[in-house]
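What follows is a short report on a single structure.
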Amino acid sequence: MEYTVQKLGELAGISTRTLRYYDEIGILKPARINSSGYRIYGQKEVDRLQQILFYREMGISLEEIKDIITDPAFDAAKALKQHLGRLLDKRSQIDILIANVEKTLAVTEGRIQMSDKEKFEGFKQKLVQENEEKYGKEVREKYGDEAVERSNQVFKNMTKEAYDAFEALGNEVLITLAEAFKTGDPAGELGQKTAELHKQWIERAWGSYNKEAHAGVAQMYVDDERFTAYYDKEQPGLAAFLRDAVHIYTGNKK
């Protein structure tokens, strides 16, 4: 079956302006232009639009989506399985949060009692989902689905006490990093103390430790502007200093 811009827009629930823009940037070209000058879309284009909308729903930029779906190695079936997995994860998160809110409301109304552990479960699930949306694509490409799922499971299984300790350790990394940065020497005592604390933080987050992966994460802090912005928000250069300290600590200094 074929569709004009207007018909496809109505079918997908998006504007004709959006479809024309997708054509302009080369992410979704029509199958052909008819004799009247109208864009005509076929089944292949409908399927591609579905993929685009799936990725958009996950917060991925149009530039990234274009790179993904125009890659000659793009596998539509594999992509759909990934979409399904993420949607199921999101549904699981929503179900947990709904149950959490319902219980909290019941506690507020005096109908039941709720343990601190129960209050904490929905919060952890939300953080895992937020991290997936922000960094999941890059981290999964670099370290693989298995490593990411293992780390997510470690986080989900944390008790509140363990999570508080994890947070405290993360803050200690940042405080020590700021002090080490003042020395200007990532190989110095404070620089290497920062790397050791960061190693402990990574180990708690992942449930395991690997020097090469540790060095790779530190490099990502410099290569990915989102991580750089996080570390450099108080003092420009902290991300690069941490990278250098970790590379010395792990023996990956080039």
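Computed extension length for ASP185-GLU64: 39.8 nm, one decimal, from 0.36 nm per residue of separation with the Cα-Cα distance subtracted.
This model, with +1 at the C-beta of Lys and Arg and -1 at the C-beta of Asp and Glu, gives region 151-226 a dipole about its Cα centre of some 200 debye.
In what sequence, largest accessible area first, do LYS156, LYS233, LYS193 appear using a 1.4 Å probe?
Output order, biggest surface exposure first: LYS233, LYS193, LYS156.
Rolling a 1.4 angstrom probe over the protein heavy atoms with all chains in place gives region 155-214 an accessible area of 54 Å² per residue. With the whole protein complex present, MET158 retains an accessible surface near 20 Å², based on a 1.4 Å probe. Given their separation in residues at 0.36 nm each and the Cα-Cα distance between them, ILE94 and GLN153 gain 19.5 nm when the chain is fully extended. Counting only heavy atoms of the protein chains and using a 1.4 Å probe, ARG32 has close to 110 Å² of accessible surface.
The values are calculated or read from the model by the stated rules, or taken from the named source; none is laboratory data. Model, not experiment: these values are computed from the prediction. All Cβ positions, even for glycine, are placed from backbone atoms using ideal geometry, and neighbour counts span all protein chains on display. These area figures cover heavy atoms from the full protein model, side chains too; ligands, DNA and RNA do not enter into them. Shrake-Rupley method; radii C 1.70, N 1.55, O 1.52, S 1.80 Å.
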